[in-house]
Amino acid sequence: MTTSSDDPAREAWAGEFFDRWYAALAAGEGHDRPDPASWRPEELRAELARGTDHDVLHWLLALDDDGTAAGAADVRVAVHDNRHVARLQIAVPPGSRRRGVGTRLLAAVAEVAAAAGCSVLRAETERPVAHPEGTWPGTVALRRWGFAPGLVEARRQLALPVPARTLDDLEAAARPHAAGYRWWTFPDAVPEPDVEAVAGLMARMSTDAPQGDLAVEPEVWDAARVRSGEALRRAQGRRSWTAVAADAAGTLVGYTTLVQSAHEPDRLQQWDTLVVAEHRGHRLGTLLKVAALRAAVADAPEATRVSTWNATSNVPMIAVNEAMGFRLDELCEELEAPVADVRSALAARDAVRR
């Protein structure tokens, strides 16, 4: 059985379906991964209850005849931009694998994407670096249905606390390269005078950050979208610390954000880090990350680690992270396939079985 969170029975997700859906998601995502950075159930419940202005959400649940959760999926279609892409995740607990559950969920996902007018399916798989490449179950399954690699990101983790001398030395080495720039930090909401400029920087993430071979269009950001995202984070129990940099004219040219969930207080997540292309080479990335980390750990001393993700091709940012002490532990592969091709492959399989 599949059920979508946008159907008339949406309220049932808060009770009858959600717990089973999340249990299947967590069991599938977390299998053979020592430290999955998955959303907590409270965060996803808040998203379901509040909704989001950014995406149309579809949550699907596969149930055995006795009502046991056999698999979970979700599909997200952007509202503001990149509406040709349906972003998906499919998770099947180990005990339900090799029974066709993932294939059935993929078929349902492809139908949702087609109905939404999407032409591309995008999925990601995360695996520990110690696991042999090409044998991770999620990647094997996606490639079987025609998904091709688009971007590989590396997850690195930083143990806290970082020795003060390490941060001091990084800042001292970077400052001489950043003459004429200034940088500062703020917690949570973007101050009103800067919100439009920060929205512009967020839009630049889709054009200035590495995207590999993914089918990505420039994103559309404005102050309202920034504020909507902040409201959702508050509802989810998340707080943040952002560092921004400005040039001599006062124009914002870079930012980075650290986020902590009340439901996982021991982890800080490094979200976007960007210095716009025309202002690179001044060590602003280092200065921003050091400033944000200092602000976050001062407010959140219970945090024991920071998780960050970078495209493997982003050599300068990886160098900054490793100088801070981040160490590689997982690889995240994003893969894409045309919706039409996936549906055709699934239909061909069904025809053969008949």
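The values are calculated or read from the model by the stated rules, or taken from the named source; none is laboratory data. Everything numeric here is computed off the predicted structure, so don't read it as measured data. When we count neighbours, we look across all protein chains shown, and the Cβ atoms used for this are built from the backbone with ideal geometry, even at glycine.
For the condition modelled with pLDDT of 95 or more and either charged (D, E, K, R) or under 17 Å from the mean Cα position of the chain (by Cα) (or both), A248 does not qualify.
Are any of the residues in region 165-173 basic (K, R) and in contact with a Cys (Cβ under 8 Å, 6 or more places away or on another chain)? Within region 165-173, not a single residue is basic (K, R) and in contact with a Cys (Cβ under 8 Å, 6 or more places away or on another chain).
Among the residues of region 257-297, those identified as within 23 Å of L160 (Cβ to Cβ), β-branched (V, I, T) and out of contact with any Phe, Trp or Tyr (no Cβ under 8 Å at 6 or more places or on another chain) are T286, V290, V297. Of the strands (runs of 3 or more DSSP E) entirely within region 43-132, those holding at least 1 residues that are within 17 Å of the chain's Cα centre (by Cα), at pLDDT 95 or above and closer than 23 Å to H263 by Cβ occupy 69-78, 85-91, 120-128.
Conditions (1) under 23 Å from V275 (Cβ atoms); (2) in contact (Cβ under 8 Å) with a residue 60 or more places away in the chain; (3) out of contact with any strand residue (DSSP E or B) (no Cβ under 9 Å at 6 or more places or on another chain); (4) in the same structural domain as T103 (by TED's automatic domain parsing), marked per residue:
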{"site": "V306", "(1), (2), (3), (4)": "yes, yes, no, no"}
{"site": "W309", "(1), (2), (3), (4)": "yes, yes, no, no"}
{"site": "T312", "(1), (2), (3), (4)": "yes, yes, no, no"}
{"site": "M317", "(1), (2), (3), (4)": "yes, no, no, no"}
{"site": "V320", "(1), (2), (3), (4)": "yes, no, no, no"}
{"site": "D329", "(1), (2), (3), (4)": "no, yes, no, no"}
{"site": "R343", "(1), (2), (3), (4)": "no, yes, yes, yes"}
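Selection of first residues in region 40-51 that are not assigned by TED's automatic domain parsing to the domain that holds A235 and of second residues that are among the acidic types (D, E) and crowded, with 16+ Cβ neighbours inside 10 Å, restricted to Cβ pairs under 8 Å at least 6 apart or on distinct chains, gives the following pairs, ordered by first then second residue: R40/E264. Within region 41-69, the set of residues being basic (K, R) and surrounded by fewer than 17 Cβ atoms within 10 Å (Cβ to Cβ) comprises just one member, R50. Checked across region 284-301, the condition of being under 27 Å from D55 (Cα atoms) and not assigned by TED's automatic domain parsing to the domain that holds H84 holds for no residue.
Confirm whether T139 is hydroxyl-bearing (S, T, Y) and modelled with pLDDT under 95.
yes
In a residue-by-residue description of region 239-249, the property of being of a type in the set (K, R) and out of contact with any Asp or Glu (no Cβ under 6 Å at 6 or more places or on another chain) applies to no position.
Taken over region 59-95, residues that are of a type in the set (S, T, N, Q) and closer than 22 Å to R45 by Cβ amount to 2. When restricted to residues that are within 24 Å of G281 (Cβ to Cβ) and among the small types (G, A, S), region 157-176 contains 3. Residues that are assigned by TED's automatic domain parsing to the domain that holds T185 and free of Cβ contacts under 8 Å to residues at least 12 places away in the same chain occur in region 247-264; there is at least one. Residues of region 164-214 that are buried (at least 16 other Cβ atoms within 10 Å of the Cβ), more than 26 Å from the chain's Cα centre (by Cα) and part of a helix (DSSP H, G or I): L167, L170, E171, A174, A178. Any residue at all in region 121-135 that is outside the structural domain of A311 (by TED's automatic domain parsing), β-branched (V, I, T), under 28 Å from R267 (Cα atoms) and surrounded by 18 or more Cβ atoms within 10 Å (Cβ to Cβ)? For region 121-135, residues outside the structural domain of A311 (by TED's automatic domain parsing), β-branched (V, I, T), under 28 Å from R267 (Cα atoms) and surrounded by 18 or more Cβ atoms within 10 Å (Cβ to Cβ): present.
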